[in-house]
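Below is one structure, written out as structure tokens, with a few remarks after it.
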2 protein chains.
Amino acid sequence: MSRFSLSFHLDPQHNAPLYRQIYQRVKTAIMEGKLETGSRVPSVRTLASELGVARATVENAYGLLTAEGFLQSRGQAGTVVSASLGPIPASLSAADRNPVPKPINPMLPSLSSLPFQLGLPALDAFPRAIWSRIVARQIRHTSINDLGHPPLTGVAALRSAIARYLQLSRGFTCQPEQIFICAGYAAVLDLLIGSLFKPGEGVWLEDPGYPVTQAFFRAAGAVLMPVNVDEEGMNVSQAVVEFPQARFAVVTPAHQSPTGVTLSLSRRMALLEWATRQQSWIIEDDYDSEFRYHGQPLPSLKSLDTQGRVIYAGTFSKTMFPALRCGYVVVPESLVEKVEAYCPLRSCATPPLLQTSITEFLEQGHFYRHTKRMRQLYAERRGFLAQALTAAFSAEVLQVTEQIGGIQLCVRLGQHLDDADIARRARENGLAVQAVSDWQIHRREAADPLRPNGLLMGFPNIVSAQQAQALVERLAVVISAASAGPPA
Amino acid sequence: MSRFSLSFHLDPQHNAPLYRQIYQRVKTAIMEGKLETGSRVPSVRTLASELGVARATVENAYGLLTAEGFLQSRGQAGTVVSASLGPIPASLSAADRNPVPKPINPMLPSLSSLPFQLGLPALDAFPRAIWSRIVARQIRHTSINDLGHPPLTGVAALRSAIARYLQLSRGFTCQPEQIFICAGYAAVLDLLIGSLFKPGEGVWLEDPGYPVTQAFFRAAGAVLMPVNVDEEGMNVSQAVVEFPQARFAVVTPAHQSPTGVTLSLSRRMALLEWATRQQSWIIEDDYDSEFRYHGQPLPSLKSLDTQGRVIYAGTFSKTMFPALRCGYVVVPESLVEKVEAYCPLRSCATPPLLQTSITEFLEQGHFYRHTKRMRQLYAERRGFLAQALTAAFSAEVLQVTEQIGGIQLCVRLGQHLDDADIARRARENGLAVQAVSDWQIHRREAADPLRPNGLLMGFPNIVSAQQAQALVERLAVVISAASAGPPA
């Protein structure tokens, strides 16, 4: 341990940010065997004071090292070097080949859990002890029959439990056979595209919209049809005129991703009407409707779907946690056979152990209790961030937009600022802020009044007003550097 | 319970086999609420004697119901109706729409664990208690950082552990960065095809060969190039002449799937030479090399690969169990970047909880001990089946071929018999036998001397000579019916 602290010094003039230097030093020490497996690393507080840096800087470095598997948190017992790492020749480590962080592709869920990371629920608030007990009980009850090939479409009990949940919470009825369990939303898209889509067909996509959806349809050879988003959500009438022939429309009706607006009822009806007329399919990506903190969650688009045109996608990544790797899709009865026929090539990858554990979590009522608690918590944590931002910035620089739910904050930037440049600078400083314009399909000129210019920030893991203030201060430094100097 | 037994009667004249009738009755009783959640169903012995059928018939029915999630085995406490099933309207159950079992597509891992099921290791012999303890400990030690987005390419500790395992057991060295964790072999193929393959490119495939591989390349728009298999494995020199331009060659060098032959050293060298010359890629599907029960496992093809042309695929489905949903692929260093770039669209779906548990299972030596025990056990269990077959059939009807390893038996049928017809009849009688000719790409006429005519049978779950004998008797009834009557 002493050897580690002694050989450690940081270079403020180095072109990598401080947290990255710490990350690199610790990682090298581990790989060279200087930090032995199982040994404790200094606490965040200790190392921060030793190095004369902010605790957040060390936290970022440790977070990254943990996410990459080099360190392991043992709770009260501190943080240790992971038990099962062997020496890795430094010349071949991927991170060593790229010591300066590359700009993060916005479609990538980042490996690390840096502040503002999008798509992360409040990890500290997840009932780990309850979950632990459920999984431990399931594993104890594993029988020989549970070890064989699992059902390609998902475990029957989970499909039934989800059907009941959707009826109670999302206002529509479906049969368990219409539900396919998938390892997350990406796997849902992959299953749908593989079974229902042909290269060259068109798809309406919200613009700006979720980059993962864009990436999947692009890779599938789709004709991407960007549809503007305004205060009522996707502009359906524009799309009907411009692109009447699309095979799919993908929407996030509850809280548009990323702007957070709700698709209006008249737009919902127009969308359903178009799909029925064209015999096209609507994919409702209902990724975070559970978290509406003003009033009740809206009924789903699927609940209005009398003609069987809506494919409904849900995920446990936001309501439980991302490492679970589990989501699901509900397809209309007319599509069950087609999707089932494709399942041998894309069988459900979520291990039955976790599927039955999620079933228990739902059936025992923990899921309802947890999402209910989170609605309240997220309203509070969003408040921490929104207040800190409003206090720190004038409206000409940064403006917090209204928001009724969701787990990310979307702020508008003044037109003299470039969101993509700021997001890149922020990432270089260890803040996982994203630019709205990076979520656009149809890139617009700076002068275009329709050009969105804003930042996206995840807030569920901001646990106090103090923390929000400290993070916003770091962001303010980035923004003032961006407005002062030429783009880095 | 009494209501259930009372209302129960079987119809031997019914066109569905007896086990299927039992399956259907129990399932209907559950769906109609006549059998309540959590209630015990009669033991196999009791129900078999009540209905006057063989115990194996009831076992088949219960196995299918368990696989589909309707029943749950509680070990000593008996078998119960799954805790979380709600009433499912009978009119919409997929199984009800198809009361007579459809012929099983050979590429489908069947939902059920019928006798002779291929691809299943000995489920009774897996150290469940040890595994249970490891997973329970991992889940107890879950920290907040373990809940976020997992690494797209797999958990670092598991990649390191696999690298060490491969060096010790498969004779080649690789860096953890070359290893990508995937949810099984299908996910490996999907990742490789998505990142390295373009529609219209050609691929050498063993003929007969594993149908899953064929299905993936067919779906990817590949030109399938079938290469004959003889007693030295894939006929490489034929392929070099016929199809010099292929982009990929997929081989199962340890024990060719399905014939079980080992790819000879001269063929291995010829294959490597071709790939180096053409700058093509060899995919070594090393699905069961751990189970060579005469002598040591052969070194892998990858261990001869001085030019970096071999992509090595391994799986834990056979060495541990299929419900784990975990495999991996080792790519040459020159391909790491390309495959990594595709990972956002096909990120590792195995939850980190199970990845770290597998790591422990490897690092604590359980994996080595288990596969070593299995080598011995499989030699014994293969013996049960081989002896029962040899005793029951004359060589003109059925002949057991030599085999040095693997977890399936390949038998040759007399040319007056049609393997596909027999396999279909066997499946209708609850035996998961497959026909070698169903594994062929290039279907051949009955008169063609190159036409393989044989059956494939999984043996790891045949636990005694008595059981083998009873199963072979059932198969004998099927075969004699097939040779007597016209194809059903």
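The values are calculated or read from the model by the stated rules, or taken from the named source; none is laboratory data. Keep in mind that what you see is a predicted model, and the values were worked out from it rather than measured. Using ideal geometry, Cβ is built from the backbone for each residue, glycine included, and neighbour counts are taken over all protein chains shown. Just the protein is used for accessible areas: all its heavy atoms, side chains included, with ligands, DNA and RNA removed. Shrake-Rupley method; radii C 1.70, N 1.55, O 1.52, S 1.80 Å.
Worth pointing out:
- Residues within segment A:53-84 that are outside any helix (DSSP H, G or I), open to solvent by 20 Å² or more (accessible area, probe 1.4 Å) and at pLDDT below 80, tallied: 6
- Contacts under 6 angstrom Cβ, first residue in segment B:416-442 being touching a residue at least 40 places away in the same chain (Cβ under 8 Å), partner among the β-branched types (Val, Ile, Thr) and in a loop (DSSP other than H, G, I, E, B), 6 or more apart: B:ALA426/B:VAL433; B:ARG427/B:ILE104
- A single member of B:GLY148, B:GLY154 is more than 7 Å from chain A (Cβ to nearest Cβ), over 22 Å from the mean Cα position of the chain (by Cα) and of a type outside the set (Ser, Thr, Tyr), and it is B:GLY154.
- Of the candidates B:ARG424, B:ARG451, the single residue that is open to solvent by 10 Å² or more (accessible area, probe 1.4 Å) and within 19 Å of B:GLY119 (Cα to Cα) is B:ARG424.
- Number of residues in segment B:194-237 that are within 14 Å of chain A (Cβ to nearest Cβ), part of a loop (DSSP other than H, G, I, E, B) and over 26 Å from B:ARG159 (Cα atoms): the value is 7.
- Extreme residue, nearest to A:VAL463 (Cα to Cα), among residues of segment A:377-390 that are open to solvent by 60 Å² or more (accessible area, probe 1.4 Å) and free of Cβ contacts under 8 Å to residues at least 60 places away in the same chain: A:GLU380
- Yes/no for A:SER132 being facing another protein chain (nearest Cβ under 9 Å) and either more than 30 Å from A:ASP305 (Cα to Cα) or open to solvent by 20 Å² or more (accessible area, probe 1.4 Å) (or both): yes
- Screening A:GLY365 with (1) within 14 Å of another protein chain (Cβ to nearest Cβ); (2) modelled with pLDDT of 95 or more; (3) on the phi < 0 side of the Ramachandran plot gives one miss only, at (3).
- The listed residue being in contact with a helix residue (DSSP H, G or I) (Cβ under 9 Å, 6 or more places away or on another chain) and closer than 25 Å to B:ILE179 by Cα, out of B:GLU232, B:GLU284: B:GLU284
- A:GLY308 being of a type outside the set (Phe, Trp, Tyr), at positive phi and within 14 Å of another protein chain (Cβ to nearest Cβ): yes
- Taken over segment A:408-449, residues that are hydrophobic (A, V, I, L, M, F, W, C) and farther than 26 Å from A:VAL58 by Cβ amount to 11.
- Within segment A:311-329, being within 13 Å of chain B (Cβ to nearest Cβ), closer than 19 Å to A:ALA254 by Cα and open to solvent by less than 10 Å² (accessible area, probe 1.4 Å) holds for A:PHE316, A:THR319, A:MET320, A:GLY327.
- The residue list A:ILE358, A:ILE404 contains one member that is of a type outside the set (Ser, Thr, Tyr), touching a residue at least 40 places away in the same chain (Cβ under 8 Å) and surrounded by fewer than 20 Cβ atoms within 10 Å (Cβ to Cβ), which is A:ILE404.
- Any chance B:LEU191 is more than 11 Å from chain A (Cβ to nearest Cβ), touching a helix residue (DSSP H, G or I) at 6+ places or on another chain (Cβ under 8 Å) and among the hydrophobic types (A, V, I, L, M, F, W, C): yes
- Residue in segment B:143-180 that is surrounded by the most Cβ atoms within 10 Å (Cβ to Cβ), counting only those that are part of a helix (DSSP H, G or I) and of a type in the set (Ser, Thr, Tyr): B:SER160
- No other residue among A:GLN399, A:GLN415, A:GLN376 is away from chain B (no Cβ under 14 Å) and under 18 Å from A:ASP288 (Cβ atoms) apart from A:GLN376.
- Residue list for segment B:162-179, filter: hydrophobic (A, V, I, L, M, F, W, C) and in contact with a Phe, Trp or Tyr (Cβ under 9 Å, 6 or more places away or on another chain): B:ILE162, B:LEU166, B:LEU168, B:PHE172, B:CYS174, B:ILE179
- A:ARG292 being surrounded by 23 or more Cβ atoms within 10 Å (Cβ to Cβ) and in contact with a helix residue (DSSP H, G or I) (Cβ under 9 Å, 6 or more places away or on another chain): no
- Members of segment A:90-137 found to be at pLDDT below 95 and small (Gly, Ala, Ser), listed by number: A:ALA90, A:SER91, A:SER93, A:ALA94, A:ALA95, A:SER110, A:SER112, A:SER113, A:GLY119
- Output for segment A:428-477, where each listed residue is more than 30 Å from A:MET225 (Cβ to Cβ) and not aliphatic (A, V, I, L, M): A:GLU428, A:ASN429, A:GLY430, A:PHE459, A:PRO460, A:ASN461, A:SER464, A:GLN466, A:GLN467, A:GLN469, A:GLU473, A:ARG474
So that you can scan it fast, the table gives a plain yes or no per residue for (1) in contact (Cβ under 8 Å) with a residue 60 or more places away in the chain; (2) touching a Leu at 6+ places or on another chain (Cβ under 6 Å); (3) surrounded by fewer than 22 Cβ atoms within 10 Å (Cβ to Cβ):
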{"position": "A:GLY202", "(1), (2), (3)": "no, no, yes"}
{"position": "A:ALA222", "(1), (2), (3)": "no, no, no"}
{"position": "A:MET225", "(1), (2), (3)": "no, no, yes"}
{"position": "A:ASN228", "(1), (2), (3)": "yes, no, yes"}
{"position": "A:GLY233", "(1), (2), (3)": "no, yes, no"}
{"position": "A:VAL236", "(1), (2), (3)": "no, yes, no"}
{"position": "A:PRO244", "(1), (2), (3)": "no, no, yes"}
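- Meets criteria (modelled with pLDDT of 80 or more and either more than 10 Å from chain A (Cβ to nearest Cβ) or exposed (fewer than 13 other Cβ atoms within 10 Å of the Cβ) (or both)) for B:ALA48: yes
- In segment B:339-347 there is at least one residue matching the filter, namely being surrounded by fewer than 16 Cβ atoms within 10 Å (Cβ to Cβ), within 14 Å of chain A (Cβ to nearest Cβ) and closer than 22 Å to B:GLU177 by Cβ.
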